[in-house]
Amino acid sequence: MGSNTENDHVSGSSDNKPKAGAGRVFEVGYMPHERDAAQADTTAAQADATQADATGGAGQEEPKASAGTPPFPGTSSPAAKPKEQKPLSEAERRHRRRTRIIAVVVVAVVALLGGGYAVVSHNQQVAHEAAVARKKAAEKKRQQEREEAIRVHDEYVANLNKVYAYMMTGAVTSETACNLTSGVWHDAIFGGWDDET
């Protein structure tokens with residue numbers, strides 16, 4: 001059939017034969033031969049051992065990924081190592097401490113202002129309610145005094161009418177008695193006679 005189909009995917013290429021040590025090429029990407037991967041792992045292990053012997057095992061790094069495997073998210077790589085935190089200097093500590101104190105003071109001041117505003121609002125509300133209660137009490141008192149004055153006036157008018165009636169009755173009785181007395185004296189003096197006198 002000719003050349004291998006794994007290497008025939010590149011059309012129009014003059015060199016279709018695979019080179020020695022080259023991996024198999026697929027449409028998804030480059031993939032090394034198992035032989036090449038094993039050789040690369042052996043070489044990397046020897047280099048790590050040599051470096052560990054030279055440094056006394058002190059600066060050992062994480063094992064490197066095998067040749068040809070791209071780093072994926074979540075895999076460990078030298079670039080993904082977290083940076084070691086350096087101890088803070090005295091100036092930075094003082095700055096952070098000052099910042100925290102300022103934040104606490106600001107929160108306390110805001111809390112005090114809020115509490116003061118709440119107390120002032122409550123006092124104003126209480127004063128307003130007391131003023132409204134006093135106004136209602138004064139109005140009620142004026143109403144009661146007005147009703148009492150009307151009652152006293154009505155009672156006075158009733159008593160005056162009674163006295164007027166008694167006086168009119170006495171006046172009529174007195175007039176009748178005076179008329180009778182005057183008639184009796186008139187008949188006695190001038191010799192008149194009347195059944196009533």
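All of the numbers you see were taken from the coordinates with simple rules; none came from a lab. All of these numbers come straight from a predicted model, not from anything done at the bench. Cβ: placed from backbone, ideal geometry, glycine included. Neighbour counts: every protein chain shown.
Summary of computed values
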quantity: Inter-label distance for Lys135 and Trp193, nm, one decimal - labels placed 7 Å from Cα along Cα-to-Cβ; calculated: 9.0 nm
quantity: The range 123-162: radius of gyration over Cα atoms, expressed as a fraction of 2.2 N^0.38 Å; calculated: 1.94
quantity: Cβ charges +1 (Lys, Arg) and -1 (Asp, Glu), total dipole of the range 116-167, debye; calculated: 100 debye
quantity: Nearest-0.05 FRET efficiency for Arg142 and Thr173, computed from C-beta distance (R0 45 Å); calculated: 0.45
quantity: Isotropic mean projected area of the C-alpha convex hull, the range 94-175 (nm²); calculated: 5.6 nm²
